Amino acid sequence: MFSISYLGPDSRAFTRWNNKLFRIFGRDRETMGSAPSMLTQYDIEDVQEYSYNLFSQQEIVSLYERFCQLDRNAKGFISADEFLSVPEFAVNPLSQRLLKMVDGLNFKDFVAFLSAFSSKASIQQKIELIFKVYDLDNKGKVTFNDILEVLRDLTGSFMTEKQRETVLSQVLEEAGYTRTSFLLLDDIIKILGCPGLKMEVEVPVD
Amino acid sequence: MSQLNSTSSEMDLDRPNIEEYLPSEAIQESNEKLHLRDLLDISPTLTEAAGAIIDDTFTRCFKSNPPEPWNWNIYLFPLWCLGVVIRYGILFPARVLILTIGWIIFLSSFIPVHFLLKRHDTWRKKIERYLVELICSFFVASWTGVVKYHGPRPSMRPKQVFVANHTSMIDFIILEQMTAFAVIMQKHPGWVGLLQSTILESVGCIWFNRTEAKDREIVARKLREHIQGVDNNPLLIFPEGTCVNNHYTVMFKKGAFELGCTVCPIAIKYNKIFVDAFWNSKKQSFTMHLLRLMTSWAVVCDVWYLEPQNLRPGETPIEFAERVRNIISVRAGLKKVPWDGYLKYFRPSPKHTERKQQSFAESLLRRMEEKGK
């Protein structure tokens, strides 16, 4: 159905008629997975712009298919439960933290979130995402506790709280910070910026 | 949507190391001094999470392919409309008629035989077996099933078990029409459950309940009892434990492979051009699924009865299960995936997360010690 809409408004009308017939025989639900609405050329360009032109149109179409696949009852967003039904995501140590960022996102924001993982994204954009993962409550700065929380997620019960605090204090001191100092975006960019950061995922395009 | 609870520890025993199949640990194993950068850099973990969100092998197993729109030009569209008219207006009523006739014949023979021949067990079983094969043939006819069977027909011998890959409940019907198998199934609600408790009991079926933790031992015992009996129908097991979309196979449960008997693999492959026979039990009920099959042109599939396998000396049941899964996947052209089918209903065990946490924690502690020296 996607190929038709690219041809312009006339074929879009034809498609709508086609779609109506499909819907009578219940095929439309199958064709579109769960979402009833189709992605038109305008929608794709809109989403593309919103995500800083970091994805090609093909990739956005693929992401839409994926979004519809995860969003089981066509609510327009993916719930936390549906994210956790992907086993590879559920076993990730940072899954709970990431859920707070992605739970309930609509498609546009979903793509914007994933845009940091595009190969075309700049180091700055990638580090901004990392900053947001640390600074979940949007204070604008990353505190000792924020880093400690992430460290807790990453090490679980295999390190005591004391050990975590010790390690963190030591490396902070060595880098010229204290327990009470907080890191701004620029600080994180300085720390992680060089050598480069590798954080890319490829969107499969059939 | 079923409640997703974390699995009991029993389920983990079924799985060999998933870590061997997953992308390799991105956390660097180095003994260098620890810097702030190493602690702050969560990019590998984030990359894995994003990768899972964008595409993952588990969800791919349960994706039903949407039918490609091929009918959008001036002559194909009317043809498609004609096709719809034929399928819904002519074929469907004819099929319903065939099915009704089949059920009438079946019930009018089965019920008398079941009650009148209560004392003549061997005769009763023989006739009931034949009748079940008959009703299954009627079912297959009602979808215009074109099934090609390859390989020698299974024989009734004790100490043997049949395993097959699972795409839909119709797998069972297709196999049953050739040979009356006894099968182990999840008890379903509704009319399917009614059929299960009445007719399938006669061929000797065993029930399990996914949600019950202690169920495994009870079922294992029942399985063992069944295969010892000489007179029992050959036992058919679907070790995947759930329906998969016929492009992939998920991990086989080892239950069928530790019974100490011969395992005969069966591979089933559906031809998707005619209809997608995958039953997506989360998306549609079995009734809707059957109706979809009955309003399609045909169900075309290949069934291969493969060479019986035995446990090799020094082989664990899990390795045996993997070997048989390999045989079936190769024959039917399916890709293997390292996931447990039950992850459809349950969350993965926290053990996997803990392994990652453990390796990161250990590397941190080690590098801290290096620093101290």
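The values are calculated or read from the model by the stated rules, or taken from the named source; none is laboratory data. What you see is a predicted model, and the numbers here were worked out from it, not measured in a lab. Ideal geometry is used to build each Cβ from the backbone, glycine not excepted, and the neighbour counts take in all protein chains shown. SASA here: full protein model, heavy atoms, side chains in, ligands and nucleic acids out. Shrake-Rupley method; radii C 1.70, N 1.55, O 1.52, S 1.80 Å.
A few points about this structure:
- Flag if A:Ser157 is within 12 Å of chain B (Cβ to nearest Cβ), without any contact (Cβ under 8 Å) to a residue 12 or more places away in the chain and of a type in the set (Gly, Ala, Ser): yes
- Elements of type helices (runs of 4 or more DSSP H) contained in region B:259-373, each with 3 or more residues being at pLDDT below 85 and over 30 Å from B:Ala49 (Cα atoms): B:350-372
- Taking the listed residues B:Ser296, B:Ser285, B:Ser349, the one that is closer than 30 Å to A:Asn92 by Cα, within 14 Å of another protein chain (Cβ to nearest Cβ) and among the hydroxyl-bearing types (Ser, Thr, Tyr) is B:Ser349, with no other qualifying.
- Subset of region B:179-189 [closer than 24 Å to B:Glu225 by Cα and not small (Gly, Ala, Ser)]: B:Thr179, B:Phe181, B:Val183, B:Ile184, B:Met185, B:Gln186, B:Lys187, B:His188
- Of the set (1) under 19 Å from the mean Cα position of the chain (by Cα); (2) in contact (Cβ under 8 Å) with a residue 60 or more places away in the chain, all apply to B:Ala220 but (2).
- Checklist (1) modelled with pLDDT under 90; (2) within 18 Å of A:Val201 (Cα to Cα) applied to A:Leu39, failing item: (2)
- Identity of the residue in region A:53-97, of a type in the set (A, V, I, L, M) and more than 21 Å from B:Phe346 (Cβ to Cβ), that ends up surrounded by the fewest Cβ atoms within 10 Å (Cβ to Cβ): A:Ala74
Each row is one residue, and each column tells you yes or no for (1) in contact with an Asp or Glu (Cβ under 8 Å, 6 or more places away or on another chain); (2) polar (S, T, N, Q); (3) at the interface with chain B (Cβ under 10 Å from one of its Cβ atoms).
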| position | (1), (2), (3) |
| --- | --- |
| A:Gly140 | no, no, no |
| A:Glu165 | no, no, no |
| A:Val171 | yes, no, yes |
| A:Thr180 | no, yes, no |
| A:Leu197 | yes, no, yes |
| A:Asp206 | no, no, no |
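Rundown of residues vs (1) in contact with a Ser or Thr (Cβ under 9 Å, 6 or more places away or on another chain); (2) at pLDDT below 80, yes/no style:
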| site | (1), (2) |
| --- | --- |
| B:Gln177 | yes, no |
| B:Val183 | no, no |
| B:Lys187 | yes, yes |
| B:Thr198 | no, yes |
| B:Glu201 | no, yes |
| B:Ile206 | no, no |
| B:Asn209 | no, yes |
| B:Ala213 | yes, yes |
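- Tally, over region A:118-139, of residues that are open to solvent by 40 Å² or more (accessible area, probe 1.4 Å), under 22 Å from A:Arg152 (Cα atoms) and not polar (S, T, N, Q): 5
- Leading residue by the ranking (farthest from A:Leu39 (Cα to Cα)) among those in region A:52-96 that are in contact with a strand residue (DSSP E or B) (Cβ under 8 Å, 6 or more places away or on another chain) and aliphatic (A, V, I, L, M): A:Ala90
- Scan of region B:140-175 for residues that are open to solvent by 30 Å² or more (accessible area, probe 1.4 Å) and over 24 Å from B:Val192 (Cβ atoms), ordered by number: B:Val146, B:Lys148, B:Tyr149, B:His150, B:Gly151, B:Pro152, B:Arg153, B:Ser155, B:Met156, B:Arg157, B:Pro158, B:Lys159
- Hey, B:Arg129 open to solvent by less than 40 Å² (accessible area, probe 1.4 Å) and not assigned by TED's automatic domain parsing to the domain that holds B:Leu291 or not: no
- Residues being open to solvent by 20 Å² or more (accessible area, probe 1.4 Å) and in contact (Cβ under 8 Å) with a residue 60 or more places away in the chain - total across region B:223-238: 6
- Meets criteria (more than 14 Å from chain A (Cβ to nearest Cβ), out of contact with any Phe, Trp or Tyr (no Cβ under 6 Å at 6 or more places or on another chain) and not in a loop (DSSP other than H, G, I, E, B)) for B:Phe77: no
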